[in-house]
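The values are calculated or read from the model by the stated rules, or taken from the named source; none is laboratory data. Everything numeric in this text was worked out from a predicted model, so none of it was measured. Note that we place each Cβ from the backbone using ideal geometry, even for glycine, and neighbour counts take in every protein chain shown.
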Number of protein chains: 2
Amino acid sequence: MKANFLSKMGQRIAEPPISWLMHAALSRPKLISLAAGFTDSASLPVVEARAALDQMLRSPQSARSALQYGSTAGDTALRRLTARYLQRLDGVTAHDRFHSPERLLITSGSQQLLYMTTEALCDEGDVVLVEDPTYFVYLSILQSRGVRARAVRLDRDGLDLAHLEAVLQSLKSSGELRRVKLLYLVSYFQNPTGVTTGFEKKAAALKLLKKFEPAAGHPIYLLEDAAYRGLRFAGRDVPSALTVRGAADRVIYTGTFSKPFATGARVGYGILPEPVYTTVLRIKGNHDFGTANLLQQLFVRALASGSYAKHGVRLQKRYAHKARVMKQAIEKYFPAGVEWWAPEGGLYFWARLPRHIPTGVKSKVFQTALRNNVLYVPGELCYADDPARRKPNHEMRISFGNASEEDIRKGIARLGKVLKRLLL
Amino acid sequence: MKANFLSKMGQRIAEPPISWLMHAALSRPKLISLAAGFTDSASLPVVEARAALDQMLRSPQSARSALQYGSTAGDTALRRLTARYLQRLDGVTAHDRFHSPERLLITSGSQQLLYMTTEALCDEGDVVLVEDPTYFVYLSILQSRGVRARAVRLDRDGLDLAHLEAVLQSLKSSGELRRVKLLYLVSYFQNPTGVTTGFEKKAAALKLLKKFEPAAGHPIYLLEDAAYRGLRFAGRDVPSALTVRGAADRVIYTGTFSKPFATGARVGYGILPEPVYTTVLRIKGNHDFGTANLLQQLFVRALASGSYAKHGVRLQKRYAHKARVMKQAIEKYFPAGVEWWAPEGGLYFWARLPRHIPTGVKSKVFQTALRNNVLYVPGELCYADDPARRKPNHEMRISFGNASEEDIRKGIARLGKVLKRLLL
């Protein structure tokens, strides 16, 4: 595949680790996949989507506006509704200048915002700090661009601040701090661990970044990926980093309407400070000059009518139930010696075997699980290539998002059997 | 706006020329815009879109599949329907290996394919050959990436082959041929000139590119942008470059379903040879891991039911009429000394003033037109920065896409008045 006439990115870009898993799934019809990041199919808002689309297309005037090009930044009404939605979530007033439609950009899923923000800020050789482990598609973005990821330890309660400081200090000592552009943080029910980083930690992380800015010679941004924020089913919401006093101008916040509603309608958004906002807006102009207006109008109606919020509540109950089913199954079937984390939202459990038992695609655990028709995401896929530590390979991401209750029970039972056999 | 902590792209990327025009339009409510590339609002397929969406959401099973994530390459049924559609257009059998679902990638408009193809092939300092003039957003993509555009003259009947050879020869002489990655050709009713490059010319261009490949040391691709192909209203369709014998493995073909149907539903596609296909597919995985499934399913239904094709016929009649209205108005109101080209499809007329009369945004012509509430796209915005020639600045792109018949007449009358005053 490596052809020297491709661009550097073209030559660098690797097969996404997840496609191998998907191929494996396709060739085994009886396989139960606890690997996919798909959302729950049974609870997709069919009635709500139909009502919103019907309302939109019933009047010729609104139909025509939905079927025509929009603007690059996104529909004005949707940006206003999104700002209001975030104001309410974060408990700020409509006058808060960091929760403003002017700073909002509508994108094709929050993924696109991650991509464009990285384009706007990072050159080959630059450094992005990431959680250890983190969202593997973001690692692919960095890898394809030749941007180096530096891993910051993650505890059960979020980012390890002492380690963040140590990493920044070591980058300062090695003279690389000027290459550090941002800290990427999946702050709510993180993919893959389900961990949430609390408000105090986000505030402290921003303070640390600011502390190192003089040595870096430029702003170091916090890219807060809140893709799973709408999927909380236990505990209380955490305000975003945009509400940290005196630091919101260093926060790039991204969220999505797709996961808490319909992933087939890809609409995400970002809040960005200048000059990043204008830069990303221009990049978006080159990518696609605006997200499909029809999808934007769908969310305008779902948000304005309240059906988006109502569906969110229903979805939270559904995921709470599925997470409970998975928890009970894990308690019943997993052997002692497996540490696991249950989340308060999102789609993932995280399990950790004893350090000497690998879980990667070539491991005995993975292969035996596959033969027994159950699939998980090996933890090692979620770790950056960081020379500062050996890559852990004894963990697994287990999703309750798409599987039915029965498949969750069966899948965990199969996985538990494999683990018992190999651990005991 | 230039901040040194932005990436090289971030620092390079300029305000899109068109946004200034759009601002101008917004601040003048009585302005008639013959500048926008929007399609005809009055003929948007409201009934057809509603029927397709209703059909999709009526059954829970198809509804759920439309509201869930799809795959990165795009929906299998849509790729099959797209392949069949292109086979029919190009008059080849279902066995033709260059019109195959396996080579098809579904994208968020054809714009996204242009972006990703350029990412896959071009590094900073590489060279892309473009028509002179060409689609200005593609020039923005190149500019933002530090890719150099080299201009190839365009005649009334398409690409100037002798000039293409001369440009390639001169790049060979200067040792830069190894930096040449592709020839970008908007082959049907080109934006901005309305010109179509015929089949023989495309075949000859491919032959020329092949001739220079040994000296380049790698393939030189033809990126055929067929975005306007579905908007023909006179004359006969021209087969794509994919049908050129022995050269289809050098063709990257891109088209869109949006323009001939609903621009608010952004779905485009590309046909790419290996290894470009796999590379662009991986890049798409990083951009958004797949175009919104809801929109793809909309086109599956519109294509399968025949409503897409029927709407296309209706649209062609509508544009034929609007183009006739514009032609008659130009004949009536434009002074002698203005050369203009009427197209056989697409959305644009191209007009050329005597060489000494500039039409750019600061020119007397543009400013007087604006004061008289009519807007066009200055030709100079569509020319690459090429040191080999002075940038022409005496032309204008005039669109009949979005304006009503009445506005077309009035707008051309206003423009004609300005031109008469300044030319005579």
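Could you check segment B:387-424 and list, in sequence order, the residues that are part of a helix (DSSP H, G or I) and of a type in the set (Asp, Glu)?
Scanning segment B:387-424 gives B:GLU405, B:GLU406, B:ASP407.
Starting from residues that are more than 7 Å from chain A (Cβ to nearest Cβ) and under 23 Å from the mean Cα position of the chain (by Cα), keep the ones in segment B:16-26 and report whichever is farthest from A:THR279 (Cα to Cα).
The selected residue is B:ALA25.
Can you tell me which residue in segment B:329-359 is surrounded by the fewest Cβ atoms within 10 Å (Cβ to Cβ), limited to those that are part of a helix (DSSP H, G or I) and touching a residue at least 60 places away in the same chain (Cβ under 8 Å)?
In this case the residue turns out to be B:LYS332.
Output the number of the condition that B:LEU168 fails; it satisfies all remaining conditions of (1) within 14 Å of chain A (Cβ to nearest Cβ); (2) of a type outside the set (Ser, Thr, Tyr); (3) assigned to a helix (DSSP H, G or I); (4) buried (at least 21 other Cβ atoms within 10 Å of the Cβ).
Result: B:LEU168 passes all but (1).
Condition check ((1) surrounded by 24 or more Cβ atoms within 10 Å (Cβ to Cβ); (2) within 14 Å of chain B (Cβ to nearest Cβ)) across all residues:
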position	(1), (2)
A:ILE106	yes, yes
A:PHE136	no, yes
A:LEU154	no, no
A:SER187	yes, no
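Test each condition in (1) within 14 Å of chain A (Cβ to nearest Cβ); (2) crowded, with 24+ Cβ neighbours inside 10 Å for B:LEU177 and report the one that comes out false.
Checking B:LEU177 against (1) within 14 Å of chain A (Cβ to nearest Cβ); (2) crowded, with 24+ Cβ neighbours inside 10 Å, the one that fails is (2).
Return the pairs, sorted by first residue and then second, in which the second residue is in a loop (DSSP other than H, G, I, E, B), the first residue lies in segment B:284-300 and is charged (D, E, K, R), the beta carbons are less than 6 Å apart, and the residues are 6+ apart or on different chains.
B:LYS284/B:THR72; B:ASP288/A:SER108
Just checking, does segment B:360-375 include any residue being of a type outside the set (Gly, Ala, Ser), in a loop (DSSP other than H, G, I, E, B) and modelled with pLDDT of 95 or more?
yes
Which is small (Gly, Ala, Ser) and more than 30 Å from B:ARG148 (Cα to Cα), of B:ALA14, B:ALA51?
Going through B:ALA14, B:ALA51 in turn, the sole match is B:ALA51.
Looking at A:ARG84, A:ARG153, which is the one that is free of Cβ contacts under 8 Å to residues at least 24 places away in the same chain, more than 30 Å from A:LEU294 (Cα to Cα) and not in a loop (DSSP other than H, G, I, E, B)?
A:ARG153
Step by step: first the residues of segment A:120-134, then only those that are in contact with a Lys or Arg (Cβ under 8 Å, 6 or more places away or on another chain) and within 14 Å of another protein chain (Cβ to nearest Cβ), then the one that is surrounded by the fewest Cβ atoms within 10 Å (Cβ to Cβ). Which residue is that?
Per the criteria, the residue is A:GLY125.
Being closer than 30 Å to B:SER399 by Cα and either within 9 Å of another protein chain (Cβ to nearest Cβ) or surrounded by 15 or more Cβ atoms within 10 Å (Cβ to Cβ) (or both) narrows it down to one residue among B:ARG64, B:ARG58, B:ARG50, B:ARG88; which is it?
B:ARG50
Can you work out which of the residues in segment B:354-393 that are more than 22 Å from the chain's Cα centre (by Cα) and of a type in the set (Ser, Thr, Tyr) is nearest to B:LEU142 (Cα to Cα)?
Across segment B:354-393, the extreme among qualifying residues is B:THR359.
Return only the number of the condition from (1) outside any strand (DSSP E or B); (2) buried (at least 18 other Cβ atoms within 10 Å of the Cβ); (3) of a type outside the set (Asp, Glu) that B:ALA94 does not satisfy.
Among (1) outside any strand (DSSP E or B); (2) buried (at least 18 other Cβ atoms within 10 Å of the Cβ); (3) of a type outside the set (Asp, Glu), the lone unmet condition for B:ALA94 is (2).
Do we have B:ILE32 as buried (at least 22 other Cβ atoms within 10 Å of the Cβ) and either within 30 Å of B:HIS321 (Cα to Cα) or in the same structural domain as B:ARG397 (by TED's automatic domain parsing) (or both) here?
So B:ILE32 fits the description; yes.
Kindly indicate the residue of segment A:67-76 that is within 20 Å of A:PHE261 (Cβ to Cβ) and in contact with a strand residue (DSSP E or B) (Cβ under 8 Å, 6 or more places away or on another chain) and also nearest to the other protein chains (Cβ to nearest Cβ) among those meeting that condition.
A:ASP75
Can you find even one residue in segment B:92-99 that is within 14 Å of chain A (Cβ to nearest Cβ) and in contact (Cβ under 8 Å) with a residue 12 or more places away in the chain?
No: zero hits.
Take A:ARG324 and tell me if it is more than 23 Å from A:SER258 (Cα to Cα), crowded, with 17+ Cβ neighbours inside 10 Å, outside the structural domain of A:VAL147 (by TED's automatic domain parsing) and not small (Gly, Ala, Ser).
It is false that A:ARG324 is more than 23 Å from A:SER258 (Cα to Cα), crowded, with 17+ Cβ neighbours inside 10 Å, outside the structural domain of A:VAL147 (by TED's automatic domain parsing) and not small (Gly, Ala, Ser).
What residue, among those in segment A:27-47 that are among the polar types (S, T, N, Q) and at the interface with chain B (Cβ under 8 Å from one of its Cβ atoms), is nearest to A:VAL377 (Cα to Cα)?
A:THR39
For segment A:260-296, which residues satisfy the criterion of being out of contact with any Asp or Glu (no Cβ under 7 Å at 6 or more places or on another chain) and over 28 Å from B:SER7 (Cβ atoms)?
The answer is A:PRO260, A:PHE261, A:ALA262, A:THR263, A:GLY264, A:ALA265, A:LEU294, A:LEU295.
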